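K.L.:
The structure that follows is given in the form of structure tokens.
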Number of protein chains: 2
Amino acid sequence: MRIGIISTGDELLRGEIADTNAAWMASELCSRGHLVARMSVVGDDPERLEAELASTFVACDLVLVGGGLGPTDDDLTARAAACALGVQLARSPEAEVQVRAAFERLGREMNPLNLKQADLPAGCSVLDNPVGTAPGFAVDTPTGGRALFFPGVPFELTRMFGAHVDRELPADPAARHTAVLKCFGTGESDIQAALTAIAESDPGVRFAFRASFPEIRVTIAAPDPAELERALARARQVLGRAVYATTDIGLPETLGRALTAAGATVAVAESCTGGLIGHSLTEVPGSSAYFRGGVIAYDNEVKISALGVDRSTIDAHGAVSEEVASAMATGARRALGADLALATSGIAGPDGGTADKPVGLVYVAVAHPDGVACKRHVFKGYSRSRVKRASAWWAMRTALDITAERK
Amino acid sequence: MRIGIISTGDELLRGEIADTNAAWMASELCSRGHLVARMSVVGDDPERLEAELASTFVACDLVLVGGGLGPTDDDLTARAAACALGVQLARSPEAEVQVRAAFERLGREMNPLNLKQADLPAGCSVLDNPVGTAPGFAVDTPTGGRALFFPGVPFELTRMFGAHVDRELPADPAARHTAVLKCFGTGESDIQAALTAIAESDPGVRFAFRASFPEIRVTIAAPDPAELERALARARQVLGRAVYATTDIGLPETLGRALTAAGATVAVAESCTGGLIGHSLTEVPGSSAYFRGGVIAYDNEVKISALGVDRSTIDAHGAVSEEVASAMATGARRALGADLALATSGIAGPDGGTADKPVGLVYVAVAHPDGVACKRHVFKGYSRSRVKRASAWWAMRTALDITAERK
């Protein structure tokens, strides 16, 4: 099956954003056993879009299009699709109901311009958008293939993709049995190298990777359950502690499940992460059952007043030190009455580093009923944002290990 | 000038990485006044690569190709280019000198296989690669255009790009004049509706939009500075308070600059946002100069113990109330010794809503030296993640307004 992906939008041709939608769709297809044949990007230009659609209809059996379904003047995809298909653009009653319902659900007044989102190629099927206002649509192509059109907002596209695309894909015997390993703490190329040997010795097994910093998702596909089990066991062996979950969930949710299972509560004391650990934990629905809260101790005075860190400890070792990170964690555990407390203190950069304490140096501490575990990390060459993320993830990973050990 | 970008590599078609090379090149070209006409991605497949090159030679005057110049079997670009051009692939003495010199410079032993990197289409010009081992090359296309081929390693491509591409671009075309408005608090379609009248009455003016929830970036382009000024003034008038900045910066950084200008410090007291405001503020380099820290008061006991909220206030009004959000803000301002304190209390969902206090109800309060401002929001139909983001952004927006008023 030849699959083509088209992304639309002048913002892509201006290079304002990279085409992450296409990469995401390709990765999803890869994990289902399909390699995309080609991807293309066209701007908000009706003739070019129509020509790209027409040529991709010829070259591919399944065409996936992202973007240009919104209400504004530069949203041209439905019209271009109608032209490429040689049909009229017509108001779809089904799509109109969906647009009106979406505004009702979102509690927003609907500007009449938004009904443009219900003007679709005649004869298409409407694809429900559960999280936004623009429905998608699907058509038969003139060459006997299928084309599916999604909104370009990643949050909407990713929510709609699976339900609609799976129906179009042929059953793939080689990918009938799949497993997922969620990894953290090892680079993608190291993981790839580690798994190459397995793939080479067993040509029926397929690995796919997707990095969403700092997490890496590995998908394993095999033709039968026994082969999958073998590959999975070997993969877990070479990946070791990098694997934190065997289902497709993030580390914050994994920690949340472990805390729930252990009946434990957690608190945070964040310096260089600035609130990111708390934010990540509270992205998980139901986290209020185990997350008590915490202190963002950015300023040293806050470390002293809110967490009870001794001024002399800061004076003696500096705020970025094992001593202070450990005192923050134990202080937060006590002050917030939690079973575990996660603390970070480091230099996120880009400025503020010294020869002794370079940018990227972070102490991550986790206080628990029997003491405190503290580790020194140096995230060399990382951006400020990545230093924060890596620190937050190491804190959660450490807490996960401690929770598992204590069970 | 029609410009096309082709990126090669199976890793792109597997979705392991997004095509950041294309975005980077497009952005460089855009800053030089050129909008790319199309981008495409093809895999490590000789026929498909040759076909893509041939069709892009026809469609574009300048073709930029990234990837496939390395020494391994899946590096196929030079051979495919020779086929598309109808010329022989031949060892280039000039390229061979460069490959040997590159290995010498890098202090690495050269495997003879690496000389494959010097096998280029006959008649091409060799493009020097100052940082890697694979030279690039440039050719005249059969349709009278030019095509430039770069290695796919981003570090090498970005180093080689400017020197070689600038020579191919026509002397500065009629320069477009652009301005940016960063907006928050109004939907994209409402902004579009507001700007339609301006665009219609002045056909030389073009608006473009980019949404990165909950921020929207509006770009205005006009043929001359006077027209741009007029369009900008009218746009600011119709968008009103939705505009928070006239340069391309986010709201957290805008607030940071306003605080710095006012010599003011800020703290947070986050319930439903769970640390997101602190995280967002500390993504900005240098934020330690004005951000003191805060309390993530997820649990009611933390609101009482760390922020001094009266238990009776919580009992009388509930944690999600104007009274509690205001008390959290004033408590954080006092406890953290900051000039301003931002507080949130709400129901992020998906569960926990009632008829009286539905999911999406959030109170946002900002305490300042003269009192506290609190506003009730209902983010209906938003996901948990979006309720948090919208709440955090409203808190920062309110703090920005208060900082501006107090100046």
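The values are calculated or read from the model by the stated rules, or taken from the named source; none is laboratory data. Everything numeric in this text was worked out from a predicted model, so none of it was measured. Cβ coordinates were reconstructed from backbone atoms using ideal geometry, including for glycine residues, and neighbour counts include every protein chain displayed. Surface areas here come from the heavy atoms of the whole protein model, side chains and all, with no ligands, DNA or RNA. Shrake-Rupley method; radii C 1.70, N 1.55, O 1.52, S 1.80 Å.
K.L.:
Mind listing the label-point distances from B:ASP401 to the same position on all other copies, shortest first, one decimal in nm, points 7 Å along Cα→Cβ?
P.N.:
Taking the point 7 Å beyond Cα along Cα→Cβ, the inter-copy spacings are 4.8 nm.
K.L.:
Among DSSP bridges having both ends in the protein assembly as shown, what percentage is antiparallel? Round to the nearest 5. Mind showing how you got there, number by number?
P.N.:
Working: 90 of 140 bridges.
Taking every DSSP beta bridge within the protein assembly as shown, about 65 percent pair in antiparallel fashion.
K.L.:
Separate question: Leaving ligands, DNA and RNA out of it, work out the accessible area of A:MET39 with a 1.4 Å probe and give it in Å² to the nearest 10.
P.N.:
Surface open to solvent at A:MET39 totals about 10 Å².
K.L.:
If I take R0 = 41 Å and measure r between the Cβ atoms of B:ARG100 and A:SER55 in this structure, what FRET efficiency does the formula 1/(1 + (r/R0)^6) give, to the nearest 0.05? If you can, show how the numbers build up before the last one.
P.N.:
Details: r = 42 Å, r/R0 = 1.03.
That gives a FRET efficiency of 0.45.
K.L.:
Same structure again: At 7 angstrom along the Cα-to-beta-carbon line, where would the label on A:PRO358 sit relative to the other copies? Give the distances in nm, shortest first.
P.N.:
Ordered by distance, the counterparts are at 5.4 nm.
K.L.:
Can you give the Kirkwood hydrodynamic radius of chain B from its Cα pairs, in Å with one decimal? Each step should come with its number before you reach the end.
P.N.:
Numbers: mean 1/r = 0.0398 Å⁻¹.
Across chain B, the inverse of the average 1/r is 25.2 Å.
K.L.:
If you don't mind, another one. Efficiency by 1/(1 + (r/R0)^6): what FRET value for B:LEU113 and A:GLU322, r their Cβ-Cβ distance, R0 = 60 Å, to the nearest 0.05? Mind showing how you got there, number by number?
P.N.:
Numbers: r = 48 Å, r/R0 = 0.80.
Step by step, r from the Cβ atoms, then E = 0.80.
K.L.:
Considering only DSSP beta bridges where both residues belong to the stretch A:44-162, give the percentage that are antiparallel (nearest 5).
P.N.:
Details: 10 of 15 bridges.
That works out to approximately 65 percent antiparallel.
K.L.:
What does the net charge come to around B:LYS380 if you take all other residues with beta carbon closer than 12 Å to its beta carbon, with K and R at +1 and D and E at -1? Can you show the working numbers first?
P.N.:
Numbers: positive: A:ARG105, A:ARG108, B:ARG386; negative: A:GLU104, A:GLU109.
Taking every Cβ under 12 Å from that of B:LYS380, the sum is +1.
K.L.:
For chain A, set up a Gaussian network in which alpha carbons nearer than 10 Å are linked by springs, and say which option among A:PHE103, A:PHE184, A:PHE150 fluctuates the most.
P.N.:
A:PHE103
K.L.:
Considering only the label points, 7 Å along Cα→Cβ from Cα, what distances in nm to one decimal separate B:GLU94 from the same position in each other copy, shortest first?
P.N.:
Ordered by distance, the counterparts are at 6.0 nm.
K.L.:
Taking a probe of 1.4 angstrom, what is the accessible area of B:TRP394 in Å², to the nearest 10?
P.N.:
It works out to around 50 Å².
K.L.:
How large is ³J(HN,Hα) for each residue in the stretch A:301-318, as worked out from phi by the Karplus curve 6.51 cos²θ - 1.76 cosθ + 1.60 (θ = phi - 60°), to whole Hz, x for Gly and Pro?
P.N.:
So the J values, rounded to whole Hz, are 4, 6, 4, 6, 6, 8, 10, x, 5, 5, 4, 5, 5, 5, 4, 6, 10, x.
K.L.:
With a 1.4 Å probe on protein heavy atoms only, work out how much accessible surface A and B bury together, total over both chains, in Å² to the nearest 100. It would help to have the intermediate numbers written out before the result.
P.N.:
Working: alone 18680 and 19320 Å², together 32360 Å².
About 5600 Å² of accessible surface is lost on pairing.
K.L.:
Run the numbers for B:ASP10 and B:VAL238: contour at 0.36 nm per residue of separation, minus the present Cα-Cα distance, in nm. Walk me through the intermediate numbers first.
P.N.:
Working: separation 228, 0.36 × 228 = 82.08 nm, distance 4.74 nm.
Extra length from B:ASP10 to B:VAL238 when fully extended: 77.3 nm.
K.L.:
A:LYS407: which aspartates and glutamates have alpha carbons under 16 Å from its alpha carbon, excluding same-chain residues fewer than 8 sequence positions away?
P.N.:
Candidates past the 8-residue exclusion: A:ASP339, A:ASP370.
K.L.:
Does the stretch A:232-332 classify as rounded, prolate or oblate by the C-alpha gyration tensor (a ≥ b ≥ c root eigenvalues; a/c under 1.5 gives rounded; else a/b over b/c gives prolate, otherwise oblate)? Provide the component values of the computation, followed by the final result.
P.N.:
Numbers: a/c = 2.86, a/b = 1.75, b/c = 1.64.
Verdict is prolate for the stretch A:232-332.
K.L.:
When the accessible area of the protein assembly as shown is computed with all protein chains present and a 1.4 Å probe, what percentage of it is carbon and sulfur? Spell out each step's value before the answer.
P.N.:
Details: 16160 of 32360 Å².
With neighbouring chains kept in place, the figure for the protein assembly as shown is 50 percent.
K.L.:
Still on this model: Where does the charge balance sit around B:ALA193 when Lys and Arg score +1, Asp and Glu -1, over other residues with C-beta under 12 Å from its C-beta? If you can, show how the numbers build up before the last one.
P.N.:
Details: positive: A:LYS116; negative: A:ASP73, A:GLU109, B:GLU188, B:ASP190, B:GLU200.
So the environment of B:ALA193 carries a net charge of -4.
K.L.:
Among rounded, prolate and oblate, which fits the stretch A:42-190 when a ≥ b ≥ c are the square roots of the eigenvalues of its C-alpha gyration tensor, a/c under 1.5 means rounded, and a/b larger than b/c means prolate? Numbers along the way, then the final one.
P.N.:
On the way: a/c = 1.84, a/b = 1.30, b/c = 1.41.
Cα axes put the stretch A:42-190 in the oblate bin.
K.L.:
Which entries in B:LYS303/B:LYS375; A:LYS303/B:LYS182; A:LYS116/B:LYS375 show an alpha-carbon gap greater than 26 Å?
P.N.:
Numbers: B:LYS303/B:LYS375 19 Å; A:LYS303/B:LYS182 35 Å; A:LYS116/B:LYS375 34 Å.
Violating the 26 Å limit, Cα to Cα: A:LYS303/B:LYS182; A:LYS116/B:LYS375.
K.L.:
Given R₀ = 56 Å, what would the calculated FRET efficiency be for A:ALA404 paired with B:GLU405, taking r from the Cβ atoms and rounding to 0.05?
P.N.:
Details: r = 52 Å, r/R0 = 0.92.
Here the calculated transfer efficiency is 0.60.
K.L.:
Taking only protein heavy atoms and a 1.4 Å probe, what accessible area per residue, in Å², does the protein assembly as shown have with all protein chains in place?
P.N.:
Working: 32360 Å² over 814 residues.
So the protein assembly as shown comes to 40 Å² accessible per residue, rounded to a whole number.
K.L.:
On to the next question. Of the DSSP beta bridges with both residues in chain A, give the percent that are antiparallel, rounding to the nearest 5. Intermediate values should be presented prior to the final figure.
P.N.:
Details: 41 of 66 bridges.
That works out to approximately 60 percent antiparallel.
K.L.:
If DNA, RNA and ligands are ignored and the probe is 1.4 Å, what is the ranking of B:GLU200, B:GLU283 by accessible area, most exposed first?
P.N.:
Values: B:GLU200 140, B:GLU283 60 Å².
The ranking, largest first, comes out as B:GLU200, B:GLU283.
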